[in-house]
Amino acid sequence: MYLTKDVKVLFSSPEFFSNELSQNWHTIEIPALCPNCGVGFGPTSVCRNKFSEEGEYFYFFTHKCNICFKYCLTLQIVSNDRTRLIAAYPKTQLRQFDQLLRDLSPEFIDMYQASLSSEQNGYANLAGIGYRSAMELLIKDYALDFELSSKEDISRLNLNRAIDKFFGNDENAMIPADVVRTFGNNFAHWDKSQKYADLETLKAYLDLVVQFIYSRLMIKHPPVKRDKGWKSRN
Ligand SMILES: [Zn+2]
C-alpha cells in the first residue's frame, strides 16, 4: 500500500503497445513523498521499459527527485490512459539525525523512523500518533539528560504536563510541542469530524521541537571551549 499522487507524464507514441494507449499524456501514480529524502516532490518521471504478462501491461519508471536529485523506481500496471503503482524502490528512506540526538534518545529515533515508514506506506493515522509519541520520548530523555527533574517524576508525567514543566518558560519550545501534541491526538480520535491535523504541519512543528533540543545539546557539548583563563586576559 502506498500513499500516492497522480502526475501527468508525456509519452512518445512508440512507448505504447497499441493505438488506444498512444496518447501523449498519461496519468501515473507515484509515491507521495520521495523515498530518498522523505519530502513531497515533483519528480521528472521517465518510462524506461514496458512488458506484458498474461494480458496485463506494465511500465517501468524512473523518477528523479527535484529536491534531492536522487532516483526512485516504480512499476506501474496499465489501465487505459492511466496506470496504478504496484511496486516502488527504495521503499523507505530513514531520516538522518545528528549523533548528539542519537545519543540523547535512541528511542525517539526508532519511533520517528517507524512513523516515517508508516507515513511513506500510506498509514497516515499511525504515523501521526507515532510522531507524537516520538516527541514525548525525546522531551523526557531531554529532561532526564539536563536534570530538569527526577527519573520517577519524569516517568509519571503525561505529555501535556511534561510540556508545561519543561518548556513552560520558553514558548519557542512550548508552542510547537503543543501543536504536535494536539495534532497527534487528532490522528488517534475516533471522531474525525473535527480533525484538522495534517502530517506536513505536524512534522514541521516537530522539527522545531527537535531543533530546540538539538541546539541545547550543541551548547552543552561544544566542539571547542574557551580557555579557563580567558576572562582574566581581557
Ligand atoms: Zn528526494
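Go through the stretch 113-156 and count every residue that is exposed (fewer than 15 other Cβ atoms within 10 Å of the Cβ) and touching a Lys or Arg at 6+ places or on another chain (Cβ under 8 Å).
The number of residues fulfilling the criteria is 2.
Consider the stretch 44-62. How many of its residues are within 16 Å of the ligand (Cβ to nearest atom) and over 14 Å from Thr27 (Cα atoms)?
1
Of all residues in the stretch 18-43, count the ones that are at pLDDT below 85, among the aliphatic types (A, V, I, L, M) and within 16 Å of the ligand (Cβ to nearest atom).
Total satisfying the criteria: 3.
Please work out which residue is nearest to Ser105 (Cα to Cα), limiting yourself to the stretch 174-202 and to residues that are of a type in the set (Lys, Arg) and at pLDDT below 95.
Only one residue tops the list, namely Lys195.
Report yes if Cys68 is surrounded by 13 or more Cβ atoms within 10 Å (Cβ to Cβ) and not in a strand (DSSP E or B), otherwise no.
Yes, satisfied.
A quick yes/no check of all residues on (1) of a type in the set (Phe, Trp, Tyr); (2) in contact with a Pro (Cβ under 6 Å, 6 or more places away or on another chain); (3) in a helix (DSSP H, G or I):
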| position | (1), (2), (3) |
| --- | --- |
| Ser118 | no, no, yes |
| Ala127 | no, no, yes |
| Tyr131 | yes, no, yes |
| Glu136 | no, no, yes |
| Leu148 | no, no, no |
| Ser155 | no, no, yes |
| Asn160 | no, no, yes |
| Lys165 | no, no, yes |
| Ile175 | no, no, yes |
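Within the stretch 94-112, is there a residue that is among the hydroxyl-bearing types (Ser, Thr, Tyr), crowded, with 19+ Cβ neighbours inside 10 Å and in a helix (DSSP H, G or I)?
For the stretch 94-112, residues among the hydroxyl-bearing types (Ser, Thr, Tyr), crowded, with 19+ Cβ neighbours inside 10 Å and in a helix (DSSP H, G or I): present.
List every residue pair whose Cβ atoms lie under 8 Å apart, where the two residues are 6 or more positions apart in sequence or sit on different chains, the first residue falls within the stretch 155-174 and is free of Cβ contacts under 8 Å to residues at least 60 places away in the same chain, and the second residue, located anywhere, is outside any helix (DSSP H, G or I) and crowded, with 18+ Cβ neighbours inside 10 Å.
Lys165/Leu157
The values are calculated or read from the model by the stated rules, or taken from the named source; none is laboratory data. Just so you know, these numbers come straight off a predicted model, no measurement behind them. All Cβ positions, glycine included, derive from the backbone under ideal geometry; neighbour counts span all protein chains shown.
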